[in-house]
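Data first, discussion second: the structure below is written as structure tokens.
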Amino acid sequence: MNSHSTRTQRRQRLVIGLSALALSLVPVVELTTRGLPDWHRSLEDQSVFQRPLTGLLQQLLTELLHSGNEKAVVCPGGELQYVPDIHYLTSPIQEEAVPAILDLAAQLEARGIQLVVMPVPLKPQLSEDTVIPHPGFRDFADRLSRHGVLVCDVLPLLAQMQRQGVPVFLHTDTHWRPEAMEAAGRELAAFLVREAGCEAGAQSYTLTRDTCTQHGDIYTMLRLVRPVSWLPEEEVCLHPVRNQRGEYWQSQTDAPILFLGDSFSNIYSLDAMGWGHSGGLAEQLSYCLQQPITALRRNDNGSLATREMLQREMARGKDLLEGKRVVVWEFAARELTQGNWKPVRLVLGHPSTTGTFVCLGQGERRTLTGIVEAVSATPDPGQVNYADHVVAIHLTNIGEQHEEALVYALAMRNRELTPAAHLRAGDEITVEAESWAVHEAVEGAYTRNELDNADLLLEQPVWAVHIHRKP
């Protein structure tokens, strides 16, 4: 047996031994936390005991055996792949997907609006010179086209870029590189002009230049306790968009195009994702067409989240479809096999007139002291893809008038839980609140859990700048 084989066997025995040691400590963790409330154990004590233990074990498995976990796969050469993206290629497209899309298209057509869908290809579909289309995608696209829905398929474009030696996806992330995203933006703009009758506008949007260096989201999913030498940070060149006054691009509600998008649109738009801001897909489309765009974007759950965002805005009396000619709906292709495709009805409602809920205008700040009636769930930081998360709080018994408030608050920042994550019904809290309209463009793009009470979704929310819980 040569020395290399001997070292490999020793390495494997070391990992197996340490794994056994880590597993043997799990009962100790459970015994230590047994007397605590379930929510306390799940959010706080997993951080104190289990997560560092898991991180140490994963560190050893990754460094010594190049092994991933239930979400991340380490490929030859150190490229990281996201497990649900791999499952997309071997799973059938959900039967509910086409009816849900056609239902939205019919609602839009009733108002003279054209629907364009843009499923973004996934990293496992492009490997070196190999292109792997989903076996059911062409039938899916044909079914939509027969009913008048336009499908912008950018897989051929990305495949051509890869054949020409242009990297398409980030090495340690699920998302595309800026070069690929910008090319897709140009392709989408040309598609809208050619197929949907859009015309170039007369705005003066310009591109600027920036760079960013960091690890990607799949690397974060490995939950490593220290950097790995063969998984270095990546550097990208970004092109944020500015208007004629030199201001960074912003969504405009009176634009003729409504853009619905997920994290593939947000990655270079939302600063909290770590890859810059104001340079994402909606911004690039706006630049290419030289016209403003209304953008609703939310990380994750692209099959449902933005449709529900549109539904809530309309139910509150804000008609985001007024004056629109085209709705572009971008979502990760994995949603076709793993998404939530329940129908969503778009009904224009009226602003709440109850007068019992706090409503703040831009520039207003108010201190609210009340009782938590209900709060939405906070995820385990070690089990989610995105580092920031917003919860919804129903606050009652505010002041002498016994007002109420729908409060949005940051419960997780950069995978660290905030005081809002530990709130429970019955807690007395004081909230420094501001208008949600001021924060919606940024915090509205974070993943968010809503309350179960559908009536509350009709109320105008406020944003919690600071929360203090009374002991």
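The values are calculated or read from the model by the stated rules, or taken from the named source; none is laboratory data. Keep in mind that what you see is a predicted model, and the values were worked out from it rather than measured. Neighbour counts run over all protein chains shown; Cβ positions are idealised from the backbone, glycine included.
For region 355-372, a residue qualifies if it is in contact (Cβ under 8 Å) with a residue 60 or more places away in the chain and surrounded by fewer than 19 Cβ atoms within 10 Å (Cβ to Cβ), and the qualifying residues are Cys359, Gly361, Gln362, Gly363, Glu364, Arg365, Arg366, Thr367, Thr369. In summary, strands (runs of 3 or more DSSP E) completely within region 418-471 and bearing 1 or more residues that are farther than 21 Å from Arg366 by Cα occur at 447-449.
How many of the residues making up region 320-350 are of a type in the set (D, E, K, R) and loosely packed, with under 15 Cβ neighbours inside 10 Å?
Residues meeting the conditions: 3.
Using beta carbons and a limit of 7 Å, which pairs, at least six apart or on different chains, have the first residue in region 330-341 and under 24 Å from Ile257 (Cα atoms) and the second one modelled with pLDDT of 95 or more and among the aromatic types (Phe, Trp, Tyr)? As it stands, the answer is Glu330/Phe264; Ala332/Phe264; Ala333/Tyr88; Leu336/Phe140, since those pairs meet every condition given. Check region 214-221 and report whether any residue there is surrounded by fewer than 15 Cβ atoms within 10 Å (Cβ to Cβ), in the same structural domain as Leu122 (by TED's automatic domain parsing) and not hydrophobic (A, V, I, L, M, F, W, C). Looking for residues that are surrounded by fewer than 15 Cβ atoms within 10 Å (Cβ to Cβ), in the same structural domain as Leu122 (by TED's automatic domain parsing) and not hydrophobic (A, V, I, L, M, F, W, C), one finds none in region 214-221, hence no.
State whether the residues of region 299-308 include one that is modelled with pLDDT of 95 or more, of a type in the set (Lys, Arg) and touching a Lys or Arg at 6+ places or on another chain (Cβ under 8 Å). No: region 299-308 contains no residue that is modelled with pLDDT of 95 or more, of a type in the set (Lys, Arg) and touching a Lys or Arg at 6+ places or on another chain (Cβ under 8 Å).
Table: residues versus (1) within 30 Å of Thr62 (Cα to Cα); (2) touching a strand residue (DSSP E or B) at 6+ places or on another chain (Cβ under 6 Å); (3) of a type in the set (Asp, Glu).
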residue	(1), (2), (3)
Glu187	no, no, yes
Leu231	yes, no, no
Phe259	no, yes, no
Asp262	yes, yes, yes
Leu270	yes, no, no
Ser278	no, yes, no
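Out of all the residues in region 51-90, which are within 12 Å of Leu231 (Cβ to Cβ) and either assigned to a loop (DSSP other than H, G, I, E, B) or in contact (Cβ under 8 Å) with a residue 40 or more places away in the chain (or both)?
If the condition is that a residue be within 12 Å of Leu231 (Cβ to Cβ) and either assigned to a loop (DSSP other than H, G, I, E, B) or in contact (Cβ under 8 Å) with a residue 40 or more places away in the chain (or both), then Gln59, Thr62, Glu63, His66, Gly68, Ala72, Cys75, Gly77, Gly78, Glu79, Leu80 are the ones that fit.
The single condition from (1) polar (S, T, N, Q); (2) in contact with a strand residue (DSSP E or B) (Cβ under 9 Å, 6 or more places away or on another chain); (3) at pLDDT below 70 that Gln46 fails is (2). Residues that are more than 14 Å from the chain's Cα centre (by Cα), at pLDDT 95 or above and more than 19 Å from Ala184 (Cα to Cα) within region 315-339 comprise Asp319, Leu320, Leu321, Glu322, Gly323, Lys324, Arg325, Leu336, Thr337, Gln338, listed in sequence order.
Could you tell me how many of the residues in region 373-412 are surrounded by fewer than 17 Cβ atoms within 10 Å (Cβ to Cβ), in contact with a helix residue (DSSP H, G or I) (Cβ under 7 Å, 6 or more places away or on another chain) and not in a helix (DSSP H, G or I)? Residues flagged as surrounded by fewer than 17 Cβ atoms within 10 Å (Cβ to Cβ), in contact with a helix residue (DSSP H, G or I) (Cβ under 7 Å, 6 or more places away or on another chain) and not in a helix (DSSP H, G or I) within region 373-412 amount to 1. Total residues in region 298-351 satisfying the condition of being of a type in the set (A, V, I, L, M, F, W, C), in a strand (DSSP E or B) and more than 15 Å from Arg111 (Cβ to Cβ): the figure is 4.
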